[in-house]
Amino acid sequence: MITAHADVVGSLLRPSELLEAQKQFAAGVISHAQFEGIEDRAVDNAVALQEAVGLEIVTDGEMRRQSFQSQMTAAVSGFGEHNLDAFLWGEWHDERGVQRTRRPRRLGAVGKLKRLRYLSAGEFSYLKGKTNRIPKVTLPSPSLWANFWSPKYSRDAYPTLDAFLADIVNILREEVAELVRLGATYVQIDAPHYGLLLDPKTRVFYEKLGWSLERWLSLGIELDNAVIAGFPGVTFGFHV
């Protein structure tokens, strides 16, 4: 007999109503309260969908995020100039070899990182109140944030990548502690960049920052462990 476990990695496709509302909110056409109501509806529908197919663990579909990792830049100051393309790692091309991403020219943390609010505590609290299943919340792996460090633009705030990622770890560990306080028992760490490190085409992008493949893998895992260590009773999943 095979026992299988399944849950949604995290994100679900945003409904057209939410996509349109994002544009209207950015343009000042609708209020924050109106926009939040549309987000709530999208989350409610995502939860209902997962429950309907029998999943025992549910997410909020990451409906409130621009990217699966954007709750960090939304809640923490110091990251500097960034847009949606900043959340793509490496240089991406289509099947014809045409570059599809245009990373911000001045991408790189420009000040000491300062948490203005918790990243996902609000997301989790709303989700927990909408389901009797196990609510799962997702957080980004620390070393995933390497592309937000620049030897040129970050040198005053963070002369080294190690110092920058150390602050990322502190922010994420504080987040886990708050989530656990709120009742979280299942936290997923998103680390899709590990697969990219194994691909020579995308590995070059990371090694340009000064670390070898071996250091990326060993230190990356060390940083992940620093975030999740010491929380008994909490299951940590990894998305790779």
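The values are calculated or read from the model by the stated rules, or taken from the named source; none is laboratory data. In this text, all values refer to a predicted model and were calculated from it rather than measured experimentally. Neighbour counts run over all protein chains shown; Cβ positions are idealised from the backbone, glycine included. SASA here: full protein model, heavy atoms, side chains in, ligands and nucleic acids out. Shrake-Rupley method; radii C 1.70, N 1.55, O 1.52, S 1.80 Å.
Extension gain Val204-Glu51, at 0.36 nm per residue separation less the Cα-Cα distance, in nm?
Details: separation 153, 0.36 × 153 = 55.08 nm, distance 4.19 nm.
Length difference between fully extended and current span is 50.9 nm.
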Mean Cβ count within 10 Å, highest first, over the residues of peptides 53-62, 15-24, 153-162: 53-62, 153-162, 15-24
Kirkwood Rh (inverse of mean 1/r, distinct Cα pairs), the stretch 157-233, angstrom: 14.0
Per-peptide average of other Cβ atoms within 10 Å, ordering 70-77, 118-125 highest first: 118-125, 70-77
C-alpha long axis of helix 32-52 to longest principal axis of the chain, angle in °: 70
Between 0 and 90°, nearest 10: helix 161-181 axis offset from the chain longest Cα axis: 10
Centre separation in Å (Cα based) which lies between the stretch 175-220 and the stretch 1-63: 25
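Among bridges DSSP assigns within the chain, what percent are antiparallel (round to 5)? Can you show the working numbers first?
Values: 3 of 14 bridges.
Taking every DSSP beta bridge with both residues in the chain, the antiparallel ones total about 20 percent.
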On Cα atoms only, tilt of 213-228 relative to the major axis of the chain in degrees: 40
Stokes-Einstein diffusion coefficient of the stretch 8-73, Kirkwood radius over Cα pairs, 37 °C, 0.692 mPa s, in µm²/s: 263
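Given R₀ = 41 Å, FRET efficiency for Glu222-Ala27 by Cβ-Cβ distance, to 0.05? Write down the numbers at each step before the final one.
Working: r = 44 Å, r/R0 = 1.07.
Efficiency, rounded to the nearest 0.05: 0.40.
Taking Rh as the Kirkwood radius computed over C-alpha pairs, what is the Stokes-Einstein D of the stretch 96-240 at 10 °C in a medium of viscosity 1.306 mPa s, expressed in µm² per second?
On the way: Rh = 16.7 Å.
D = 95 µm²/s.
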Placed amide H near Phe238: partners under 5 Å, 5+ positions off or other chain: Ile189
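Tally up the carbon and sulfur contribution to the accessible surface of the chain as a whole percent, 1.4 Å probe, everything protein left in place.
Numbers: 6710 of 12420 Å².
Percent of accessible area from carbon and sulfur atoms in the chain: 54.
Rounded, prolate or oblate: pick one for the stretch 1-153, where a ≥ b ≥ c are the square roots of the eigenvalues of its C-alpha gyration tensor, a/c under 1.5 means rounded, and failing that, prolate if a/b is larger than b/c, else oblate. Walk me through the intermediate numbers first.
Working: a/c = 1.67, a/b = 1.42, b/c = 1.17.
Taking the square roots of the gyration eigenvalues as a ≥ b ≥ c, the stretch 1-153 is prolate.
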Eligible aspartates and glutamates near Lys201 by straight Cα distance, threshold 12 Å, same-chain separation 8 or greater: Glu91
Sorted peptide list for 166-178, 189-201, 138-150, criterion being average Cβ within 10 angstrom, highest first: 138-150, 166-178, 189-201
Residue-normalised accessible area of the chain, given per residue in Å² at a 1.4 Å probe: 52
Bins of 5 Å from zero: percent of alpha-carbon pairs in the stretch 131-197: 3, 15, 21, 19, 17, 12, 7, 4, 2, 1
